[in-house]
Amino acid sequence: MRLATSISPHLPYLRRFSRALTGTQQAGDAYVAAVLEALIADPREFDVTSDARVALYRMYCRLWESISLNLKPTADEAETSSSSPRWGPLADRRLSTMPPRAREAFLLMAVEGFSTAEIAEILGRDSAAVANLIEEATKTIVDQVATNVLIIEDEPIIAMDIEATVESLGHKVTGVARTQQQALQLVAQKRPSLILADIQLADGSSGLEAVNQIQILTSFEVPVIFITAFPERLLTGERPEPAFLITKPFTPEMVKAVISQALFFDTKAQAAA
């Protein structure tokens with residue numbers, strides 16, 4: 001397969017990543033152009049034995065790490081920048097406070113959807129080092145956005161595990177609801193800033209229904225992370241899907257990473273009907 005054919009589908013996403021990483025549209029596009037120029041000058045720089053997307057991002061990150069960056073946009077870009085159309089100024093500010101390498105790893109995970117193993121390959125680091133970078137990024141976000149969290153979970157042991165993880169990040173758990181009705185009551189009383197909701201609850205209702213009712217009855221919208229053992233039932237592409245999802249069984253690291261993403265993007269819940 002020709003090199004141009006293998007990388008062209010990934011270029012729009014690389015531009016998105018580059019703009020978020022550098023902080024401006026101008027700088028982001030310049031780095032992508034530099035990668036393409038390097039490929040034209042010497043196609044052997046591209047590792048044809050690796051996945052094309054991974055190889056392209058690896059080449060980009062090697063270039064980015066070799067040059068110092070200015071994250072401040074120009075006056076013109078402050079008005080017209082499209083560096084991060086998916087999330088906006090709030091997340092841009094959070095990105096700018098992250099250490100550069102942590103920002104790089106976090107964006108590869110949160111925005112581009114690479115696995116830890118793929119990020120390790122892209123950055124030329126081992127998985128433990130990548131985990132440390134993402135933990136550093138997560139801590140930066142939490143330091144800025146320590147918040148109140150409601151847990152909707154009917155299994156006591158799982159609820160305790162989630163509560164311990166949430167509190168270890170510096171957040172405050174405002175309550176644990178086992179049913180849809182309890183969730184509605186706690187939201188009215190405590191007004192949390194983040195919700196973690198299991199899909200299937202003890203009373204036969206679901207966390208999706210609980211979140212929908214919270215939004216309908218209270219006009220109260222906050223980032224929501226859904227928890228399920230059956231993600232394939234939600235990720236069908238046939239209806240609105242949750243923006244943030246944790247799959248059972250989960251690890252504390254997984255919970256921390258998804259919480260950091262939800263707070264980073266500050267996305268309102270997209271609960272399925």
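A few points about this structure:
- Within the range 93-126, the residues that satisfy the criterion of being among the polar types (S, T, N, Q) and either in contact with a Leu (Cβ under 8 Å, 6 or more places away or on another chain) or within 18 Å of V258 (Cβ to Cβ) (or both) are S96, S115, T116.
- From Q185, Q180, Q189, residue being surrounded by 21 or more Cβ atoms within 10 Å (Cβ to Cβ) and over 19 Å from the mean Cα position of the chain (by Cα): Q180
- Sole exception among (1) surrounded by fewer than 18 Cβ atoms within 10 Å (Cβ to Cβ); (2) of a type in the set (A, V, I, L, M, F, W, C); (3) modelled with pLDDT of 90 or more for L123, by number: (1)
- Any chance E112 is touching a residue at least 12 places away in the same chain (Cβ under 8 Å), within 20 Å of G23 (Cα to Cα) and surrounded by fewer than 21 Cβ atoms within 10 Å (Cβ to Cβ): yes
- The C-beta contact set for the range 187-202 (first residue more than 17 Å from F230 (Cβ to Cβ), second residue modelled with pLDDT under 85 and β-branched (V, I, T), distance under 7 angstrom, 6+ apart or interchain) comprises V187/I214; V187/T218; A188/T218; P192/V222; S193/V222; L194/V222; I195/V211; I195/V222.
The values are calculated or read from the model by the stated rules, or taken from the named source; none is laboratory data. Model, not experiment: these values are computed from the prediction. Quick reminder, even Gly has a Cβ in these numbers, built from the backbone with ideal geometry, and neighbours come from all protein chains shown.
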